[in-house]
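Novice: Below is the structure I would like to discuss, written out as structure tokens.
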């Protein structure tokens, strides 16, 4: 018995002095992203191995690619994801559906980077010309889908599911380009780089840059969410991820040429095709990487969703954000904290 007690004390001593990284050496971080420029920190960090390196030996990051946000939320609900770069609308829907339990926004990722593009020859010169048209969004309920429906409502237009004559088609971004070229789609509300591809390769025309709808041209198009259970169990992992996120944001903004090269390499891996340099420059110019989640713009989007009939009522968002770890990191780095 004495030998057993000595062994137990020895194990307890090892655990007491072991570094945090060693205790969590077997933690696997499952992270979601889209092959979009608005997810630049994920793409650049993935290319550089920055997140794996910052977490330390023994940690493994499993990157999972998605086309749009609703599928990410389903994976969060299923416990198949821990972190995700995602737009505000599916985040909001996931928060509501889970009664505020499933996820938290822990930081920002991108402002801007979405546009309404019309096909040349579709006969669209003004808002009223959208009557009877076929307009695409990446997925039902995703950020661009909600922005499109809210904008149509603001222009006195209604979708076919609301008794109107504008047909909204949820289509993966590559399929939108194919249908533009075939003349079977009239317009699309798309994120970058797909909006630029629709313009330059799909014979499209920029009808509306979404930044023009927002004060100072800023609105949240992507932020970082964490599964609530993972955040509770591994706050030190999330904190370190956010440190890397802030560093990557600074690096991307200070080294745009190098960042775009890495972005393009990852986009080629994920989609099979790199962007021509001119298109990449055009797409990148329409967005700004940031760690600020721009929470007031999500609240405004929620209000617009209610007005457009996408949401039945304005939800209580008081528990959606947990910026404690982000603000700790910003304080460490002597940067302005997020109120």
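Novice: Does residue 99 satisfy being surrounded by fewer than 24 Cβ atoms within 10 Å (Cβ to Cβ) and outside any strand (DSSP E or B)? I'd like the intermediate steps shown before the answer.
Specialist: Numbers: surrounded by fewer than 24 Cβ atoms within 10 Å (Cβ to Cβ): yes; outside any strand (DSSP E or B): yes.
Yes; evaluated as a whole, the condition is true for this residue.
Novice: Continuing with this model, one more query. Looking at 47, 42, 80, 84 in this structure, which one is modelled with pLDDT of 95 or more, closer than 21 Å to residue 246 by Cα, in the same structural domain as residue 266 (by TED's automatic domain parsing) and surrounded by fewer than 18 Cβ atoms within 10 Å (Cβ to Cβ)? First the steps, then the outcome.
Specialist: Details: 42 fails: surrounded by fewer than 18 Cβ atoms within 10 Å (Cβ to Cβ); 80 fails: closer than 21 Å to residue 246 by Cα; 84 fails: surrounded by fewer than 18 Cβ atoms within 10 Å (Cβ to Cβ).
Exactly one residue qualifies, and that residue is 47.
Novice: When residues of the range 116-130 are filtered for being part of a helix (DSSP H, G or I) and exposed (fewer than 15 other Cβ atoms within 10 Å of the Cβ), how many remain? Full working, then the answer.
Specialist: Our first condition is that a residue be part of a helix (DSSP H, G or I); within the range 116-130, this holds for 127-130.
Filter again for exposed (fewer than 15 other Cβ atoms within 10 Å of the Cβ), leaving 128.
Looking only at that region, the number is 1.
Novice: Ok, one more. Does residue 137 meet the test of being closer than 23 Å to residue 213 by Cβ, in the same structural domain as residue 164 (by TED's automatic domain parsing) and buried (at least 24 other Cβ atoms within 10 Å of the Cβ)? Spell out the reasoning first.
Specialist: On the way: closer than 23 Å to residue 213 by Cβ: yes; in the same structural domain as residue 164 (by TED's automatic domain parsing): yes; buried (at least 24 other Cβ atoms within 10 Å of the Cβ): yes.
It is true that residue 137 is closer than 23 Å to residue 213 by Cβ, in the same structural domain as residue 164 (by TED's automatic domain parsing) and buried (at least 24 other Cβ atoms within 10 Å of the Cβ).
Novice: Being outside any helix (DSSP H, G or I) and either in contact with a helix residue (DSSP H, G or I) (Cβ under 8 Å, 6 or more places away or on another chain) or without any contact (Cβ under 8 Å) to a residue 12 or more places away in the chain (or both) is the filter here; which residues of the range 209-246 pass it? I'd like the intermediate steps shown before the answer.
Specialist: Filtering the range 209-246 down to residues outside any helix (DSSP H, G or I) leaves 209, 214, 218-227, 234.
Within the range 209-246, 214, 218, 219, 220, 221, 222, 223, 224, 225, 226, 227 qualify.
Novice: Is one or more of the residues making up the range 311-319 part of a helix (DSSP H, G or I) and either more than 30 Å from residue 96 (Cα to Cα) or out of contact with any strand residue (DSSP E or B) (no Cβ under 8 Å at 6 or more places or on another chain) (or both)?
Specialist: Quick first cut of the range 311-319, residues part of a helix (DSSP H, G or I) only: none.
Checking the range 311-319: not a single residue is part of a helix (DSSP H, G or I) and either more than 30 Å from residue 96 (Cα to Cα) or out of contact with any strand residue (DSSP E or B) (no Cβ under 8 Å at 6 or more places or on another chain) (or both).
Novice: For the range 59-76, state whether one or more residues are modelled with pLDDT of 95 or more, assigned to a loop (DSSP other than H, G, I, E, B) and in contact with a helix residue (DSSP H, G or I) (Cβ under 7 Å, 6 or more places away or on another chain).
Specialist: Within the range 59-76, none of the residues are modelled with pLDDT of 95 or more, assigned to a loop (DSSP other than H, G, I, E, B) and in contact with a helix residue (DSSP H, G or I) (Cβ under 7 Å, 6 or more places away or on another chain).
Novice: Kindly establish whether residue 22 is assigned by TED's automatic domain parsing to the domain that holds residue 257, surrounded by fewer than 19 Cβ atoms within 10 Å (Cβ to Cβ) and at pLDDT below 95.
Specialist: Values: assigned by TED's automatic domain parsing to the domain that holds residue 257: yes; surrounded by fewer than 19 Cβ atoms within 10 Å (Cβ to Cβ): yes; at pLDDT below 95: yes.
For residue 22, the condition - assigned by TED's automatic domain parsing to the domain that holds residue 257, surrounded by fewer than 19 Cβ atoms within 10 Å (Cβ to Cβ) and at pLDDT below 95 - is met.
Novice: Continuing with this model, one more query. Does the range 159-182 hold any residues that are part of a loop (DSSP other than H, G, I, E, B) and out of contact with any strand residue (DSSP E or B) (no Cβ under 7 Å at 6 or more places or on another chain), and which are they? Show your work before the answer.
Specialist: Applying the first criterion (part of a loop (DSSP other than H, G, I, E, B)) to the range 159-182 yields 163-165, 171-172.
Of everything in the range 159-182, those that are part of a loop (DSSP other than H, G, I, E, B) and out of contact with any strand residue (DSSP E or B) (no Cβ under 7 Å at 6 or more places or on another chain) turn out to be 163, 164, 165, 172.
Novice: Okay, moving on. Scan the range 274-296 and tell me whether some residue there is free of Cβ contacts under 8 Å to residues at least 12 places away in the same chain and within 21 Å of residue 92 (Cβ to Cβ).
Specialist: Yes; the residues of the range 274-296 include at least one that is free of Cβ contacts under 8 Å to residues at least 12 places away in the same chain and within 21 Å of residue 92 (Cβ to Cβ).
Novice: Of the residues that make up the range 287-296, is at least one modelled with pLDDT of 90 or more, outside the structural domain of residue 151 (by TED's automatic domain parsing) and out of contact with any strand residue (DSSP E or B) (no Cβ under 8 Å at 6 or more places or on another chain)?
Specialist: So far as the range 287-296 goes, yes, one or more of its residues are modelled with pLDDT of 90 or more, outside the structural domain of residue 151 (by TED's automatic domain parsing) and out of contact with any strand residue (DSSP E or B) (no Cβ under 8 Å at 6 or more places or on another chain).
Novice: State the number of residues belonging to the range 138-155 that are outside any helix (DSSP H, G or I), at pLDDT 90 or above and closer than 15 Å to residue 172 by Cβ. Before the answer, list the steps.
Specialist: Applying the first criterion (outside any helix (DSSP H, G or I)) to the range 138-155 yields 138-142, 155.
Next, only the ones that are at pLDDT 90 or above stay: 138, 155.
Subset that is closer than 15 Å to residue 172 by Cβ: 138.
Final tally of qualifying residues: 1.
Novice: Which of (1) touching a helix residue (DSSP H, G or I) at 6+ places or on another chain (Cβ under 7 Å); (2) on the phi > 0 side of the Ramachandran plot is the odd one out, the single condition residue 321 does not satisfy?
Specialist: It is condition (2) that residue 321 fails.
The values are calculated or read from the model by the stated rules, or taken from the named source; none is laboratory data. Source: prediction; values computed, not measured. Reconstructed Cβ throughout: ideal geometry from the backbone, glycine too, with neighbour counts over all protein chains shown.
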